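The values are calculated or read from the model by the stated rules, or taken from the named source; none is laboratory data. Here the structure is a predicted model, which means the values were calculated and not measured. Neighbour counts are summed over all protein chains in view; Cβ atoms, including those assigned to glycine, are modelled from backbone coordinates with ideal geometry.
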Amino acid sequence: MKTMALFSATAATVIPRNLAIASSSKHFLAHSLLPSFPRFVSFPTPKSNPRNLRTVSLQSPRAQASASPSPSATFHGLCYVVGDNIDTDQIIPAEYLTLVPSKPDEYEKLGSYALVGLPASYATRFVDAGETKTKYAIVIGGANFGCGSSREHAPVALGAAGVSAVVAESYARIFFRNSVATGEVYPLESESRLCEECRTGDVVTIELGESRLINHTTGKEYRLNPIGDAGPVIEAGGIFAYARKSGMIPSR
Amino acid sequence: MASSLLSPSFSSFLRTKKDLPLYAFSSQRCFKAVPKRIRCSVAAPQRQPSTTGSVRTAMTMTEKILARASEKAQLSPGDNVWVNIDVLMTHDVCGPGSIGIFKREFGEDAKVWDREKVVIIPDHYIFTSDERANRNVDILRDFCQEQNIKYFYDIKDLGNFKANPDYKGVCHVALAQEGHCRPGEVLLSTDSHTCTAGAFGQFATGIGNTEAGFVLGTGKLLLKGPPTLRFVMDGGMPDYLLSKGLILQIICEISVAGATYKAMEFVGTTVESLSMEERMTLCNMVVEAGGKNGVVPADSTTFKYIEGKTFLPYEPVYSDQKARFLSEYRFDVSKLEPVVAKPHSPDNRALARECKDVKINRVYIGSCTGGKTEDFMAAAKVFLASGKKVKVPTFLVPATQKVWMDVYTIPVPGSGGKTCSQIFEEAGCDTPASPSCGACLGGPKDTYARMNEPQVCVSTTNRNFPGRMGHKEGQIYLASPYTAAASALTGYVTDPREFLQ
């Protein structure tokens, strides 16, 4: 696929297996998105904005002269904190569901409406007025994140807006499945109630290999739960990639 | 019948015992030694091992359905298996996205795995001038024509729903009415309330676009077998209670995440006394407790309902006597009172009578949860008992064309031959609207009965999270049709016993 070419030259030897494939599954939805917002690979750019740190940093080709064997993917950026039972109507209100996620321009529009359904008690907007992307690479939630409707538009909107990962105390199952199947956001579970420990705007780093979240603003570290059964599917790059890998459907 | 989109090697894949981490191959061989007694020249007959040659532990009906559908003798909760899908349904909101993924992954010229197992039902954003919403129905039509999909309940004339002979309305009610729900089967759909079909003793759950695209091509999906929570409901159902009240009680009991990743099995004398539509209401809100699927064992009520609607063979399954359940909850239904779910959560339970000071602005009766024929009959019963007019705008949205017809034709008991529609008219309700999902989920801004102001609404729908019916500050009280009608009559949240006793 066209978008994978951006990674393939370096990906073959450098990008840890799980990340390379995870990024390919994400980006088949966002052909036009990739050049502007490479979420999975951090390339130094003249436009890089300290406020806009939302990229995954990998070991760069130069630093990987003697690459460590285990993948050490990280997510880094500002976090946006929400409470319990954030349902899919709050993540993407029903009136926007006429947008079809598999159409690239409508995919972008979905991103601009991510979390617009949150009540007024959330003083800080997730996506600023007039913007199509969010400043916040990581969403931190409470219990039962993504409950309600099965609309896949929910994880898609978050991913299209620029979210790399969600760290919630627990998930509703359909949202979790959709996150895994699409590869749009990495759904992580925390051991403790991070929604009470972190504040919107804190700078955080998630180290997947260490199952750890570091809040640089408070200086605290937290354990994350292992991904569990969904691991192989996420690592393969979503349900289609997993099925191809296991021989269930033919490779392309 | 196997789709050409499956790898040729896959047919034997399920039967190989490759050591893959996600697959639990739990069959074990059990051979019993047979003593040979040679007393004469005729050898004693060898005892055959049991039919499958495997040891089987007791299973719940959900486990059995998934075991059979994944061609395994045994399934334990937590097992991840590739399941053969009997019916895949989608609608106008998620269909286009699922189709997009299907074509992208399997190719523009790919064909669905089985044109008779895909059911496409436009129902969500139908009677609107929203161009994208209308375009989405066109996308469904183009796909159905290209794939020669057998079951597509199309609509073209938005100005007059009756001019569309194929159009049905709300997908979950249409699935039941059109005979697509059969005991023992696996039904998936791109909608959270797919669990409604569990009322027919089948495994039914909601999935997203990507997984639906996968099923379209392969007819299979990777599913994890859930453990089961059992709800035993006994006792005579009081005549002021409906199954909407039962499920609201249960959701509050276990919370909105109490059944996450679990199956909810409903048994007991009360459940056995429920009609199919009442059982559908019960299973419909399983997802509001986080449940993966809900099931009611099939019985004569089920068989009678499906007779004449479906002509495909089916084989019901039942939980084994010794099946293991994660927990069991027992309810004496005769002791329950009408309840509502207050804003803004389906588990925010309160007794209806304790909310009698809550002034309301409107009442909404509709949706897959509370817009079926019996739901309207129930509301009509309350209006009839009162004889008075409603004090607030009362919106009625029949779920399907058939429900709309019933509302206009079936006489309400004790009314001297009046139909629901006549009773509604006399009570001053709005005229029953075109059948669709309507304002249950807000929808495009011009959706009939959408809440565009911050009002207080009593509704027979399924969710009341902020903004659900439109306005973010809208306050939604979820209730049974009895409670909704009673509330319409007083202008306050009202216990239906005010009128029914």
All positions within the range B:455-501 that are among the hydroxyl-bearing types (Ser, Thr, Tyr), surrounded by fewer than 20 Cβ atoms within 10 Å (Cβ to Cβ) and outside any strand (DSSP E or B): B:490
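Among the residues of the range B:136-149, how many are more than 12 Å from residue B:95 (Cα to Cα), assigned to a helix (DSSP H, G or I) and either touching a strand residue (DSSP E or B) at 6+ places or on another chain (Cβ under 8 Å) or among the charged types (D, E, K, R) (or both)? Spell out the reasoning first.
Taking the range B:136-149 and keeping what is more than 12 Å from residue B:95 (Cα to Cα), we get B:145-149.
If we keep only those that are assigned to a helix (DSSP H, G or I) too, we end up with B:145-147.
So of that shortlist, the ones also either touching a strand residue (DSSP E or B) at 6+ places or on another chain (Cβ under 8 Å) or among the charged types (D, E, K, R) (or both) come out as B:146-147.
Residues that pass the stated criteria total 2.
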Which residue is nearest to residue B:5 (Cα to Cα), if the candidates are limited to the range B:86-134 and must be small (Gly, Ala, Ser), more than 8 Å from chain A (Cβ to nearest Cβ) and surrounded by fewer than 24 Cβ atoms within 10 Å (Cβ to Cβ)? B:110
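Tally time: how many residues in the range B:259-276 are among the small types (Gly, Ala, Ser) and facing chain A (nearest Cβ under 10 Å)? Outline the logic, then answer.
Taking the range B:259-276 and keeping what is among the small types (Gly, Ala, Ser), we get B:259, B:263, B:268, B:273, B:275.
Within this subset, residues satisfying the condition of being facing chain A (nearest Cβ under 10 Å) are B:259.
Result for the range B:259-276: 1.
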Restricting attention to the range B:419-439, which residues are in a loop (DSSP other than H, G, I, E, B) and surrounded by fewer than 16 Cβ atoms within 10 Å (Cβ to Cβ)? B:431
Filter result for residue A:196 (farther than 16 Å from residue A:111 by Cα, in a loop (DSSP other than H, G, I, E, B) and away from chain B (no Cβ under 13 Å)): no
Only one of (1) more than 30 Å from residue B:190 (Cα to Cα); (2) not in a loop (DSSP other than H, G, I, E, B) fails for residue A:189. Which number is that? (1)
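With respect to residue A:109, determine if the residue is touching a helix residue (DSSP H, G or I) at 6+ places or on another chain (Cβ under 8 Å) and surrounded by fewer than 20 Cβ atoms within 10 Å (Cβ to Cβ). Explain how you work it out, then say what you get.
Numbers: touching a helix residue (DSSP H, G or I) at 6+ places or on another chain (Cβ under 8 Å): yes; surrounded by fewer than 20 Cβ atoms within 10 Å (Cβ to Cβ): yes.
Yes; evaluated as a whole, the condition is true for this residue.
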Pairs, first more than 10 Å from every other protein chain (Cβ to nearest Cβ) and touching a residue at least 24 places away in the same chain (Cβ under 8 Å) in the range B:213-236, second surrounded by fewer than 22 Cβ atoms within 10 Å (Cβ to Cβ) and among the small types (Gly, Ala, Ser), C-beta under 6 Å, six or more apart: B:219/B:3; B:229/B:327; B:232/B:268; B:233/B:268; B:234/B:268; B:235/B:334; B:236/B:334
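Just wondering, is there one or more residues in the range B:70-85 that are more than 11 Å from chain A (Cβ to nearest Cβ), in a strand (DSSP E or B) and surrounded by fewer than 24 Cβ atoms within 10 Å (Cβ to Cβ)? So that I can check it myself, show each step before the final result.
At the first step, the residues of the range B:70-85 found to be more than 11 Å from chain A (Cβ to nearest Cβ) are B:70-77, B:81, B:83-85.
Then drop every residue that is not in a strand (DSSP E or B), which leaves B:81, B:83-84.
Now restrict to residues that are surrounded by fewer than 24 Cβ atoms within 10 Å (Cβ to Cβ): B:81, B:84.
Yes.
I want to confirm something. Restricting to the range A:161-182 and keeping residues that are part of a helix (DSSP H, G or I) and of a type in the set (Gly, Ala, Ser), which single residue is nearest to the other protein chains (Cβ to nearest Cβ)?
First, pick out the residues of the range A:161-182 that are part of a helix (DSSP H, G or I): A:161, A:173-182.
Right, trim to of a type in the set (Gly, Ala, Ser) and you get A:161, A:179, A:181.
Values: A:161: 17, A:179: 9, A:181: 4 Å.
Filtering the range A:161-182 for residues that are part of a helix (DSSP H, G or I) and of a type in the set (Gly, Ala, Ser), the one nearest to the other protein chains (Cβ to nearest Cβ) comes out as A:181.
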Among the hydrophobic types (A, V, I, L, M, F, W, C) and farther than 30 Å from residue B:116 by Cβ, is that true of residue B:383? yes
Looking across the range B:240-263 at residues that are of a type outside the set (S, T, N, Q), touching a Lys or Arg at 6+ places or on another chain (Cβ under 9 Å) and touching a residue at least 60 places away in the same chain (Cβ under 8 Å), the single one that is surrounded by the most Cβ atoms within 10 Å (Cβ to Cβ) is B:263
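Identify all residues within the range B:440-454 that are more than 10 Å from every other protein chain (Cβ to nearest Cβ) and either touching a His at 6+ places or on another chain (Cβ under 7 Å) or crowded, with 21+ Cβ neighbours inside 10 Å (or both); write none if there are none.
Residues of the range B:440-454 that are more than 10 Å from every other protein chain (Cβ to nearest Cβ), as a first pass: B:446, B:448-449, B:451-454.
Passing the criteria: B:449, B:451, B:452, B:453, B:454.
With the condition kept exactly as written, say whether any residue in the range B:287-299 is part of a helix (DSSP H, G or I) and within 22 Å of residue B:98 (Cβ to Cβ). So that I can check it myself, show each step before the final result.
Filtering the range B:287-299 down to residues part of a helix (DSSP H, G or I) leaves B:287-289.
Subsequent filtering for residues that are within 22 Å of residue B:98 (Cβ to Cβ) retains B:287.
Checked against the condition, which is being part of a helix (DSSP H, G or I) and within 22 Å of residue B:98 (Cβ to Cβ), the range B:287-299 yields at least one hit.
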If residue B:151 satisfies all but one of (1) surrounded by fewer than 24 Cβ atoms within 10 Å (Cβ to Cβ); (2) in contact with a helix residue (DSSP H, G or I) (Cβ under 8 Å, 6 or more places away or on another chain); (3) closer than 13 Å to residue B:88 by Cα, what's the number of the condition it fails? (2)
Hey, any hits in the range B:425-435 for a residue that's in contact with a Lys or Arg (Cβ under 9 Å, 6 or more places away or on another chain), modelled with pLDDT of 95 or more, farther than 24 Å from residue B:194 by Cβ and of a type in the set (D, E, K, R)? yes
Residue ID - nearest to residue B:102 (Cα to Cα), chosen from residues in the range A:73-92 that are in a loop (DSSP other than H, G, I, E, B) and modelled with pLDDT of 95 or more: A:92
Which pairs have Cβ atoms under 6 Å, sit 6 or more apart or on different chains, and link a residue in the range B:368-396 that is without any contact (Cβ under 8 Å) to a residue 12 or more places away in the chain and over 19 Å from residue B:170 (Cβ atoms) to one that is among the basic types (Lys, Arg) and outside any helix (DSSP H, G or I)? none
Contacts under 6 angstrom Cβ, first residue in the range B:170-181 being free of Cβ contacts under 8 Å to residues at least 60 places away in the same chain and at positive phi, partner surrounded by fewer than 24 Cβ atoms within 10 Å (Cβ to Cβ) and part of a loop (DSSP other than H, G, I, E, B), 6 or more apart: none
Filter pass, residue B:255 being among the hydroxyl-bearing types (Ser, Thr, Tyr), within 14 Å of chain A (Cβ to nearest Cβ) and farther than 25 Å from residue A:184 by Cβ: yes
Return the total of residues in the range A:118-147 being within 12 Å of chain B (Cβ to nearest Cβ), more than 28 Å from residue A:211 (Cα to Cα) and either hydroxyl-bearing (Ser, Thr, Tyr) or surrounded by 24 or more Cβ atoms within 10 Å (Cβ to Cβ) (or both). 2
Unmet criterion (only one of (1) touching a Ser or Thr at 6+ places or on another chain (Cβ under 8 Å); (2) farther than 26 Å from residue B:239 by Cβ; (3) in a strand (DSSP E or B)) for residue B:328: (1)
Checking residue B:280 against (1) crowded, with 19+ Cβ neighbours inside 10 Å; (2) more than 19 Å from the chain's Cα centre (by Cα), which test does it fail? (2)
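Take the range B:112-133 and flag every residue that is out of contact with any Asp or Glu (no Cβ under 9 Å at 6 or more places or on another chain) and more than 19 Å from residue B:190 (Cα to Cα). I'd like the intermediate steps shown before the answer.
From the range B:112-133, those out of contact with any Asp or Glu (no Cβ under 9 Å at 6 or more places or on another chain) are B:112-116, B:118, B:131; that's our starting set.
Across the range B:112-133, the qualifying residue is only B:131.
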Suppose we keep only residues that are under 16 Å from the mean Cα position of the chain (by Cα) and either away from chain B (no Cβ under 14 Å) or in a helix (DSSP H, G or I) (or both) within the range A:213-252. Which one would you say is surrounded by the fewest Cβ atoms within 10 Å (Cβ to Cβ)? A:231
